[in-house]
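Read the structure below first, then the notes.
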Amino acid sequence: MTSIDSMVQRLQQRTIRRSTKNDVDRVLEIWRDAVDATHDFLSQEDRVAIEAEVVSFLPDAPLWVVVDEHNKPLGWMLLDEDRMEALFIDPVSRGEGVGRALVQHALSLRSPIFTDVNEQNLQAVGFYEHLGFVPIGRSERDGQGRVYPLIHLRSAS
């Protein structure tokens, strides 16, 4: 079996479902690992403060999760109406279609969708551009007023 066949087979065994209370520890782990892998621009102080905010709201947030054949979350998304407020993928599963599957799921529920991405997170900027998102604005600060510029994006469809 080729590596492409293997990836297709793994994707077919994945499911997108709503999160449950049993997922909380795993989605927090995904958040931590993903941020550590992609947000090296955050100061340590801001990283700690943001994590405290995430820990406080995430357990009750209505998340969509991609799970493997063992029901283990590989990535998650917070969709609020037409706004994708968060999308985080376990770094081990990056490049395997998990993020794309979540974005496609969001687009099946709402279209167009809007999201913000940290300007310094070049991997995420490239991901959204690859999926056809277009910039519609920019802010010098993030939603909490921290000095991390955001690019505001809109899906093409």
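Among the residues of region 44-64, are any touching a strand residue (DSSP E or B) at 6+ places or on another chain (Cβ under 7 Å), small (Gly, Ala, Ser) and surrounded by 22 or more Cβ atoms within 10 Å (Cβ to Cβ)?
The answer is no; no qualifying residue exists.
If you scan region 106-155, which residues turn out to be under 15 Å from the mean Cα position of the chain (by Cα), small (Gly, Ala, Ser) and under 21 Å from Gln44 (Cβ atoms)?
Hit for region 106-155 is Ala124, nothing else.
If Ser111 meets every condition in (1) polar (S, T, N, Q); (2) in contact (Cβ under 8 Å) with a residue 24 or more places away in the chain; (3) closer than 18 Å to Thr15 by Cβ apart from one, which number is that one?
Just one mismatch for Ser111, condition (3).
Yes or no: Ile30 surrounded by 16 or more Cβ atoms within 10 Å (Cβ to Cβ) and modelled with pLDDT of 95 or more? It would help to see each step written out before you state the result.
Working: surrounded by 16 or more Cβ atoms within 10 Å (Cβ to Cβ): yes; modelled with pLDDT of 95 or more: yes.
Criteria met by Ile30.
Residue-wise test of (1) out of contact with any Leu (no Cβ under 8 Å at 6 or more places or on another chain); (2) modelled with pLDDT of 95 or more; (3) exposed (fewer than 14 other Cβ atoms within 10 Å of the Cβ); (4) not hydroxyl-bearing (Ser, Thr, Tyr).
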position	(1), (2), (3), (4)
His70	yes, no, yes, yes
Ala106	no, yes, no, yes
Phe133	no, yes, no, yes
Ile151	yes, yes, no, yes
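Looking only at region 24-54, how many residues end up being closer than 22 Å to Ser93 by Cα and part of a helix (DSSP H, G or I)?
Residues meeting the conditions: 17.
What's the total number of residues in region 108-145 that are out of contact with any Ser or Thr (no Cβ under 9 Å at 6 or more places or on another chain) and either in a strand (DSSP E or B) or aromatic (Phe, Trp, Tyr) (or both)?
Final tally of qualifying residues: 7.
The values are calculated or read from the model by the stated rules, or taken from the named source; none is laboratory data. Everything quoted here is computed from the prediction, not taken from an experiment. Glycine gets a Cβ as well: all are built from the backbone with ideal geometry, and neighbour counts include every protein chain shown.
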